[in-house]
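Student: Sharing a structure with you now.
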Amino acid sequence: MEVSLSVNGKEVSEDVEPRTLLVDFLRNDLGMTGTHIGCETSQCGACVVHVDGRSIKSCTLLAVQAEGAEVTTIEGLAAGDELHPMQAAFREEHGLQCGFCTPGMIMSAVDLLKNNTDPTTNEIRDWLEGNMCRCTGYHNIVKSIKSVAELE
Amino acid sequence: MYQFDYEAPDSIEAAVAALRENDESKLVAGGMTLLPTMKLRLARPEVLIDINNIESLFGISELEESLVIGAMTRHADVAMSSIVQNFIPGLACLAESIGDPQVRNRGTIGGSVANNDSAADYPAGLVGLDATVVTDRREISADNFFTDMFETALEVDEIITAVRIPIPQRATYMKFPNPASRYAVVGVMIAEVSDGIRVAVTGASPCVFRATVLEEALEEDFTPEAIANIAIDGVQFNEDIHASAEFRAHLVKVMARRAVLAISS
Ligand SMILES: Cc1cc2nc3c(=O)[nH]c(=O)nc-3n(C[C@H](O)[C@H](O)[C@H](O)COP(=O)(O)OP(=O)(O)OC[C@H]3O[C@@H](n4cnc5c(N)ncnc54)[C@H](O)[C@@H]3O)c2cc1C
Ligand code: FES
Ligand code: FES
């Protein structure tokens, strides 16, 4: 099946099997490996991207279901060489160790601040319910997000 | 995942026709339950009929003392809706308590209700609030809709179009969530509606049920103490790695007492 969508502002059109997951489409068909696959069962959040402005788990959406959609991935955040403030904050505050969960964490965090510009620590922790990190203990992730909220 | 064909009709009629065309076809709404089930090969539809393009299935409105919530309305949209927050804040809280933000951004009320997971939140919400499930062909009261674990009164080619929820005098939902998934180990919806107090329980047994002994006691005296010493008999409580049957029976009463307290002025 032909699927046409916009990824990070660029129109793409590819022939895919209906069973292709959006995350596999991004990684295998488009070669954009910034979006990770952790569990592939909608639990871990490593695969979070934005579809039409909302964060979703791209391992639980078919590529064909994104027909006509605007998809933003971690690759679409930076402006050229300049990191997105959330990426910069994760670097600054040590919000990552191995980095596996980071793309999903950052995409979730960016979505949070869209709806809630000044979240409390508890609200940040609640929002990260669907994002798992095996390294950081979350503390510095929460700190990173908080620091961006305080910037804005 | 096995291979399948995919269609995305833009009308209810076309979706029903597509369901009738192939016995092995299945609707996909938010996909939060169906896609993982297909990955596990527990479901193997030949055709997926995506109802995300049917505009009439989306949205929330207030109509004749009721809220009408389209089947494709996402959990996040119920949680954030000013109409729901205004008229049935307990339902907005219920929606907000489901899974995580990304699950709430995709999962739908229609999908949750059609799936009737024994640990899902909406079944308790709908039964507790005396709601009606509206389909492409009829209306079914929530009391008659949820028939057994993963079973409902729906026919194989029937599509939920909306749920209609009469605005209660007061209502709230208390759940003891599974710390990993947020599904209800036990969830209790208590509402005061036009014909009295309703207490609906999810997570505790294979299918949502009304705790009528608690309803009767609360009808007489709407206080946490009124239900403190009542035994809930005749219920088969679930027993699994998350909680024993005894613990679940205990949690029903604890959640119910908290709910009563929360909506007592
Ligand atoms: C990590 C995770 C955590 C979760 N936590 C919770 C939780 O805490 N509480 C909770 O209640 N749920 C939870 N869920 C389930 C979630 O709420 C699902 O969204 C919901 O159960 C199914 O809705 P859906 O729209 O995704 O349906 P789908 O997965 O698309 O469909 C489910 C079933 O319903 C049928 N169906 C869908 N729409 C209709 C319709 N309009 N008419 C007739 N049949 C239809 C489909 O054919 C399918 O059989 C969780 C899910 C995940 C992945
Ligand atoms: S890979 Fe999608 S949630 Fe884990
Ligand atoms: S930094 Fe390693 S999983 Fe989060």
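The values are calculated or read from the model by the stated rules, or taken from the named source; none is laboratory data. Note that the structure is predicted; figures quoted are calculated from it, not measured. Neighbour counts run over all protein chains shown; Cβ positions are idealised from the backbone, glycine included.
Student: Of the residues B:G111, B:G99, which single one is modelled with pLDDT of 95 or more, assigned to a loop (DSSP other than H, G, I, E, B) and within 14 Å of chain A (Cβ to nearest Cβ)?
Tutor: B:G99
Student: So, in region B:8-33, how many residues would count as being surrounded by fewer than 16 Cβ atoms within 10 Å (Cβ to Cβ) and among the basic types (K, R)?
Tutor: Qualifying residue count, region B:8-33: 1.
Student: Tell me which of these A:E17 doesn't satisfy, since it passes every other one: (1) within 16 Å of ligand 1 (Cβ to nearest atom); (2) at the interface with chain B (Cβ under 10 Å from one of its Cβ atoms); (3) in a loop (DSSP other than H, G, I, E, B).
Tutor: (1)
Student: In region B:24-40, which residues are in contact with a strand residue (DSSP E or B) (Cβ under 8 Å, 6 or more places away or on another chain) and over 13 Å from A:L62 (Cα atoms)?
Tutor: B:E24, B:S25, B:K26, B:L27
Student: Could I ask something else about it? How many of the residues making up region A:39-54 are more than 12 Å from ligand 1 (Cβ to nearest atom) and either away from every other protein chain (no Cβ under 13 Å) or among the acidic types (D, E) (or both)?
Tutor: Qualifying residue count for the region: 1.
Student: Next question, about the same structure. Tell me, which residue of region B:45-67 that is within 12 Å of chain A (Cβ to nearest Cβ) and charged (D, E, K, R) is surrounded by the most Cβ atoms within 10 Å (Cβ to Cβ)?
Tutor: This residue is B:D50.
Student: Just for region B:165-192: of the residues that are of a type in the set (A, V, I, L, M, F, W, C) and either touching a His at 6+ places or on another chain (Cβ under 6 Å) or over 23 Å from B:T132 (Cβ atoms) (or both), which one is nearest to the other protein chains (Cβ to nearest Cβ)?
Tutor: B:A180
Student: With more than 16 Å from ligand 3 (Cβ to nearest atom) and not polar (S, T, N, Q) as the only criterion, which of A:K114, A:K143 stands out?
Tutor: A:K114
Student: Answer yes if at least one residue in region B:120-142 is more than 23 Å from B:L63 (Cβ to Cβ) and either within 16 Å of ligand 3 (Cβ to nearest atom) or within 14 Å of chain A (Cβ to nearest Cβ) (or both), and no otherwise.
Tutor: no
Student: If we scan region B:127-138, do we find a residue that is out of contact with any Ser or Thr (no Cβ under 8 Å at 6 or more places or on another chain), closer than 27 Å to B:A14 by Cα and among the basic types (K, R)?
Tutor: Checked region B:127-138: at least one residue is out of contact with any Ser or Thr (no Cβ under 8 Å at 6 or more places or on another chain), closer than 27 Å to B:A14 by Cα and among the basic types (K, R).
Student: Something else now. Condition (residue is loosely packed, with under 12 Cβ neighbours inside 10 Å, over 17 Å from B:G187 (Cα atoms) and of a type in the set (S, T, N, Q)) applied to region B:230-252: is it met by at least one residue?
Tutor: Among the residues of region B:230-252, not one is loosely packed, with under 12 Cβ neighbours inside 10 Å, over 17 Å from B:G187 (Cα atoms) and of a type in the set (S, T, N, Q), which makes the answer no.
Student: Only one residue in B:P224, B:P177, B:P206 is under 19 Å from the mean Cα position of the chain (by Cα) and farther than 20 Å from B:F145 by Cα. Which one?
Tutor: B:P177
Student: Being away from chain B (no Cβ under 14 Å), of a type outside the set (S, T, Y) and over 24 Å from A:T136 (Cα atoms) narrows it down to one of A:G76, A:G68, so name that one.
Tutor: A:G76
Student: Report whether or not B:D5 is facing another protein chain (nearest Cβ under 10 Å), surrounded by fewer than 18 Cβ atoms within 10 Å (Cβ to Cβ) and farther than 23 Å from B:S181 by Cα.
Tutor: yes
Student: Check off (1) farther than 30 Å from A:C44 by Cα; (2) assigned by TED's automatic domain parsing to the domain that holds B:E246; (3) touching a residue at least 12 places away in the same chain (Cβ under 8 Å) for B:T135 and give me the number that stays unchecked.
Tutor: Here B:T135 meets the rest and fails (2).
Student: Go through A:T121, A:T102, A:T136, A:T117 for me and flag whichever is among the hydroxyl-bearing types (S, T, Y), under 19 Å from A:S55 (Cα atoms), more than 16 Å from ligand 2 (Cβ to nearest atom) and away from chain B (no Cβ under 14 Å).
Tutor: Matching residue, one of A:T121, A:T102, A:T136, A:T117: A:T117.
Student: Could we say that B:L42 is in contact (Cβ under 8 Å) with a residue 12 or more places away in the chain, among the aliphatic types (A, V, I, L, M) and either buried (at least 18 other Cβ atoms within 10 Å of the Cβ) or more than 9 Å from chain A (Cβ to nearest Cβ) (or both) here?
Tutor: Considered against the rule, which asks whether it is in contact (Cβ under 8 Å) with a residue 12 or more places away in the chain, among the aliphatic types (A, V, I, L, M) and either buried (at least 18 other Cβ atoms within 10 Å of the Cβ) or more than 9 Å from chain A (Cβ to nearest Cβ) (or both), B:L42 comes out as no.
Student: What tally of residues in region A:116-138 results from selecting those that are outside any loop (DSSP other than H, G, I, E, B) and within 16 Å of ligand 1 (Cβ to nearest atom)?
Tutor: 5
Student: May I ask you to verify whether A:G31 is within 12 Å of chain B (Cβ to nearest Cβ) and surrounded by fewer than 18 Cβ atoms within 10 Å (Cβ to Cβ)?
Tutor: No, not satisfied.
Student: Do you know which residues across region A:20-41 are more than 13 Å from the chain's Cα centre (by Cα) and in a helix (DSSP H, G or I)?
Tutor: A:D24, A:F25, A:R27, A:N28, A:D29
Student: Only one of these conditions is not met by A:G95: (1) within 14 Å of another protein chain (Cβ to nearest Cβ); (2) within 16 Å of ligand 3 (Cβ to nearest atom); (3) in contact (Cβ under 8 Å) with a residue 40 or more places away in the chain; (4) within 19 Å of A:E152 (Cβ to Cβ). Which number is it?
Tutor: All conditions pass for A:G95, except number (1).
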